[in-house]
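The values are calculated or read from the model by the stated rules, or taken from the named source; none is laboratory data. Everything numeric in this text was worked out from a predicted model, so none of it was measured. Positions of Cβ are backbone-derived with ideal geometry, glycine not excepted, and every protein chain shown enters the neighbour counts. Protein only, heavy atoms only, side chains kept; ligands, DNA and RNA dropped before computing areas. Shrake-Rupley method; radii C 1.70, N 1.55, O 1.52, S 1.80 Å.
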Amino acid sequence: MTDDYEHYEAVVVGAGPGGAAAAATLADRGVETLVLERGVEAGSKNVSGGLIYAEESAPYTIDGLFSGFRQGATERPVSEYYIHNVAGDRVKTFDLGDVHHHDTEWCDAVLRRRMDSWLAERVHERTRETGGGLLSGVRVDGLLRDEGEIVGVTCEELDPITADVVIAADGVNSELARDAGLMDWAEPDEWFQGVKAVVDMDPDLVDDRFDVPPDDGVAHLFSGDLFDGVRGGGFLYTNEASLSIGTVFHLDSLADERAEPHELLDSLLTHPLLDQWFQGEYHEREYAAKLVPDSKKAAHPSPHQGRLLLVGDAAGQMQAQGPIIKGMNHAVSAGGLAAEAFAEAQSRGNPASAGALYERKLEDEGVMATLRPTRYRLTRAVSEHDLVTRAAEGVLDSAVGRAGVRAFDGLLERGFNSPFLLGMIPDTRTSYVTIPRVVAEELGEPVEATNDVEPPALDDRIGDLTYDVGEPHIELQDNSWAASGTAVTACPVSAREFGGGCYREETIRTNGGTERVVSLDTQPCVECGTCAIVADTEWDHPAGGKGVEFEEG
Amino acid sequence: MPEIDPTEHDITELGPEIADVDDEQELEEMLALEKGGEGREGVLTLIEDRLETVGSDEETVDPETVDLTDLSVADVANMVREVEDVEVLRDVLERETAGKDRKGAKSQIENRIESLESTGAESEVEYVPPAEKHPDLDHPTNDKRYVEGTVDGDYRDMWVFCETQRGELIDVSREMLGKAREMMDGYNDDHDADEAVVAVLIGDGVGDLTDECLAYGADRVVYHEDERLQRFRHRPYTEIFCHMCRDWAVDWRDYHEPRYTIFPATNNGRDLSALVQGELDSGLASDCSGLYIEEADISNPAKTGAPGETTTFEKVLHMKRPDFSGFEYSTILCIDKPHRDFHPQGASVIPGSFEMPDAESEPDGEVVEHDLELPAEWFRIEVTDFDALEGGVDLTGNEVVVALGRGIGRDPTRGIELGLEFVDAFESADLGLSRGVITASYQFDGHVADYVAEERQIGESGQVVEPELYVAVGISGAVQHKVGMDESDTIVAINTDPDADIKDFSDYYVHGDLFEVLPRLTEALEAGEFDRALAAEVSDD
């Protein structure tokens, strides 16, 4: 029965950096490769904070696979890297140059629409040579099975397609990974949620205000008490003619605190520290959001099943360890390795062994060790224990702890710059909030500026996004406040008392009483996946070419 | 220095460039440059491959003079593959026999001689009727007189099936006539011909539409009226169309079948196109979105009859259709074979693919009624029952649109009631809703529940209205809503929130609770004092 379907040696799902790396590597090895992308154009569904690294120790780098990448697809190199510890208006800044440059061949800021569409053009050219190509506007919605074995993919817009290997690079909300049962959306503590504003700024002003040469740039991180105790931090990266400014929080913390992501972003945007860069001018080009897997917990140690190989966010391969935030480079490595594994398995006449070979390569090349450091797993049980957290908080906030912070000023900065120590950072309030706050209180200088910029309200942010609204793609399974109420706050395009968002709080009259419920309208959805975790939903992506279209990403 | 410095190019650019380099020296230099540069493995392979190809060209030997003892059997095999002259081959064979007399080499030469001699005799494909060629298969169409045997028939004109609904031409019929006119004007110019656009009308009372067909581009309209043809029915429609264009003896139709046929790719048109083209023993390109007439160079031996030859076919209708669900396009050609014609060249056309032509005010042309007794047998299948699809709610024709938003959330049923009462107080008005209401979990009592449906939604994903008066009741005015109504002549907003966006693009803003304001406005309207009441509400702000 599956004989009737179109067949390719390889089908790559998703044209982000992981999919592009896989497709290019397959094509270079002569494998007939079809790439399917659900956006109207590659990049239109993709959001990143915005730094892509090329690591010296990595098996593959994006410019190694696509020459001219840095000239054609990126914004500015990022040469300087700082973290600002904030307590009220006091700020202590550390230079994180050492950790940033550790193992780094280069690092550039990127905007994904531009980057991914640039890659897609080249991927299409190269895969076409093999008899395949890249089709956009096609949503792959599941795995095709024959007698229980994965043999290809099913699509909303096309007939099923069979393949000898399916490389799922379909992002953090990978429908294929979930279909295979390799990933789920069960635990909020395995995820971060990031929201980002791309802010317009003339190139000359960027040079001037950030004190960088015209072809160079800088990254700033922010942590401390900016965010009402929600665990996470902020970032600012310089693009060619804009800034990417965002905040990233642990989803469990965001949900528990009933925090509004867009308001947390606004507290960063309106902090006096940022006045030196805005100087009263603020024009937001785009508001965006995405989920980020925490590879320490979510990276699948064995990301394959039968002919299916997972790559990048789809496999949870996103490294977020304190100030180290790296995702796209690992997706590129994984994509290259997955392709290599299939090509080798195929030439040995045993394509079915591709998955196992891929897993071995991830280990041998050190990718897995970086994503899931043993140090973290070993120390986590102790360091994330509630009692330990409280004890640490107590000590830090005590006179002794504060004296220690003062005494070890230089040591602290070195500690932040140690990739080894950062791999152990426990995911607790202590690391994200208390230490930076105490550091700032004890060592910081007050910022003397007023920042009176007014970021757009949520309805205007939604109104400025481009949508092609199709059929509702998310179904609310349980609309009770208890089951799904968290989505009203945690969803980046919903808020309490706001009727124009996805999730809205409503009160309905029932026999003899009232009931608090939520209703869902998927029109303003930015497809981040937050509600799949914090609410009771049946979550799918919109059809190919439908839904939100990011212009910057 | 070679012309191309590989170190300055991507591997993807180099591929095609290197394929054009024939000079071995130059390639060697390029290889050296790359080795001295990045030494990319792919590039090195590319250049080395090319070098091998170019190098091997130079070793080409002259079979008439070469010393065969210098060549291996494989070399001989490669050499003779290029030789076309049988005499030369015989000479080579003789020299081999006189020389090393290798069996392998001799059989290679003999095989080549044999293959050259046999193809000479069979340069044209011999025609064997399918029934003889494959006696083991069923041949269900064997007795159909048009399937095989019609060769070099006479074909003329472009026939267009003009579908009607409720006594009117549907838009795609007009679009097809316009396109047919344009194509046949070009055709007649190019070929100094005088072939016509023939419009076909079949139905009940379609005689009234003949002038319209002429106005949109037909030279001749053929119509068949019968009250039994009021609905589209497969058998009679197919029989009538085929009789008109193939069997009907009229002086102006002095040809075998039409050259081209065009149908709409509607539900009925798709059925008819397949049935008619099948009956006329041709093919069909369905669901086309582009058509043009051009010559085509074809080298497929099934079409040319001679392997290796390219034949130019004239007057070929190129039928472009979306493929792969619209991600790629194919161009379909329907071309005669040596022993079997494929005419008419037929297509069905997706509605909206072509521009709506301007109607000519005083068109020239001929109208012909098709006279044929329709046998009762064609009507054996009767339509006993049918359903009309719900038309839905069209808000666009109203003078007034009253739209309710999430402001009704406190008591949704009462909100709808108040909205409907207000609507009823106008002469020409209807109720619209914001998307926020339609997607809410509000529970409505039975008597208003039917009103809460997507068909009343106003905005980007609903209807776009521009009435004389638009009353936005409890609507905040998100951009997605705004695009559905901001062309209205006068906009009145009623809202409790003085910061609501709607205020920015309203002519009048009433600051108040809709549950209080709406009843007052309804009352005033019924008393004929709406203007004054509105003025009072607005000044309340």
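Here is a check on your reading of the model: is A:Val548 in a strand (DSSP E or B), within 21 Å of the chain's Cα centre (by Cα) and either crowded, with 22+ Cβ neighbours inside 10 Å or without any contact (Cβ under 8 Å) to a residue 60 or more places away in the chain (or both)?
So A:Val548 passes the test.
For the subset of the range A:27-75 comprising residues that are among the aliphatic types (A, V, I, L, M) and under 26 Å from A:Thr104 (Cα atoms), which member is farthest from the other protein chains (Cβ to nearest Cβ)?
Going through the qualifying residues, I end up with A:Leu51.
Among the residues of the range A:116-123, are any crowded, with 24+ Cβ neighbours inside 10 Å, touching a strand residue (DSSP E or B) at 6+ places or on another chain (Cβ under 7 Å) and within 14 Å of chain B (Cβ to nearest Cβ)?
Step one: list which residues in the range A:116-123 are crowded, with 24+ Cβ neighbours inside 10 Å, which gives A:116, A:119, A:123.
Those still in the list that are touching a strand residue (DSSP E or B) at 6+ places or on another chain (Cβ under 7 Å) too: A:123.
When the remaining residues are screened for being within 14 Å of chain B (Cβ to nearest Cβ), the result is A:123.
Yes: the range A:116-123 contains one or more residues that are crowded, with 24+ Cβ neighbours inside 10 Å, touching a strand residue (DSSP E or B) at 6+ places or on another chain (Cβ under 7 Å) and within 14 Å of chain B (Cβ to nearest Cβ).
Return the residues of the range B:23-57 that are over 46 Å from the mean Cα position of the chain (by Cα), within 14 Å of another protein chain (Cβ to nearest Cβ) and at negative phi; say none if nothing qualifies.
Passing the criteria: B:Glu34, B:Gly37, B:Glu38.
Can you name the condition, by its number, that A:Thr93 falls short on among (1) touching a residue at least 12 places away in the same chain (Cβ under 8 Å); (2) out of contact with any Leu (no Cβ under 7 Å at 6 or more places or on another chain); (3) among the hydroxyl-bearing types (Ser, Thr, Tyr)?
(1)
For the range B:370-403, what are the residues that are under 32 Å from the mean Cα position of the chain (by Cα) and of a type in the set (Asp, Glu)?
If the condition is that a residue be under 32 Å from the mean Cα position of the chain (by Cα) and of a type in the set (Asp, Glu), then B:Asp387, B:Glu390, B:Asp394 are the ones that fit.
Restricted to the range A:167-218, and to residues that are charged (D, E, K, R) and within 30 Å of A:Leu308 (Cα to Cα), which residue is farthest from the chain's Cα centre (by Cα)?
Ranking the candidates gives A:Asp179 first.
Filter the range A:269-302 for residues that are touching a helix residue (DSSP H, G or I) at 6+ places or on another chain (Cβ under 7 Å), assigned to a helix (DSSP H, G or I) and among the aromatic types (Phe, Trp, Tyr) and give the result.
A:Trp277
Can you find a residue in the range A:221-236 that is over 18 Å from A:Leu291 (Cβ atoms), in a loop (DSSP other than H, G, I, E, B) and hydrophobic (A, V, I, L, M, F, W, C)?
no
Filtering the range A:430-460 down to residues that are open to solvent by 20 Å² or more (accessible area, probe 1.4 Å) and of a type in the set (A, V, I, L, M, F, W, C), which residue is nearest to the other protein chains (Cβ to nearest Cβ)?
Per the criteria, the residue is A:Ala457.
Every residue, every condition in (1) within 26 Å of A:Val248 (Cβ to Cβ); (2) among the hydroxyl-bearing types (Ser, Thr, Tyr); (3) modelled with pLDDT of 95 or more, yes or no:
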site	(1), (2), (3)
A:Leu465	yes, no, no
A:Thr486	yes, yes, yes
A:Cys491	yes, no, yes
A:Phe498	yes, no, no
A:Glu506	no, no, no
A:Glu527	yes, no, yes
A:Ala532	yes, no, yes
A:His541	yes, no, yes
A:Glu549	yes, no, yes
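Please give the number of the condition A:Thr127 fails out of (1) hydroxyl-bearing (Ser, Thr, Tyr); (2) open to solvent by less than 20 Å² (accessible area, probe 1.4 Å); (3) closer than 28 Å to A:Gly322 by Cβ.
The single condition A:Thr127 does not satisfy is (3).
Kindly indicate the residue of the range B:237-273 that is closer than 18 Å to B:Ala347 by Cα and without any contact (Cβ under 8 Å) to a residue 40 or more places away in the chain and also nearest to the chain's Cα centre (by Cα) among those meeting that condition.
So, considering only residues that are closer than 18 Å to B:Ala347 by Cα and without any contact (Cβ under 8 Å) to a residue 40 or more places away in the chain, the one nearest to the chain's Cα centre (by Cα) is B:Asn267.
If you take the residues in the range B:291-306 that are open to solvent by less than 40 Å² (accessible area, probe 1.4 Å) and over 25 Å from the mean Cα position of the chain (by Cα), which one is nearest to B:Gly186 (Cα to Cα)?
It comes out as B:Thr304.
Go through the range B:1-22 and count every residue that is among the charged types (D, E, K, R), within 44 Å of the chain's Cα centre (by Cα) and more than 12 Å from chain A (Cβ to nearest Cβ).
First, pick out the residues of the range B:1-22 that are among the charged types (D, E, K, R): B:3, B:5, B:8, B:10, B:13, B:17, B:20, B:22.
Imposing the further condition that a residue be within 44 Å of the chain's Cα centre (by Cα) reduces the set to B:8, B:10, B:13, B:17, B:20, B:22.
Applying the additional criterion that residues be more than 12 Å from chain A (Cβ to nearest Cβ) yields B:17, B:20, B:22.
Number of matching residues: 3.
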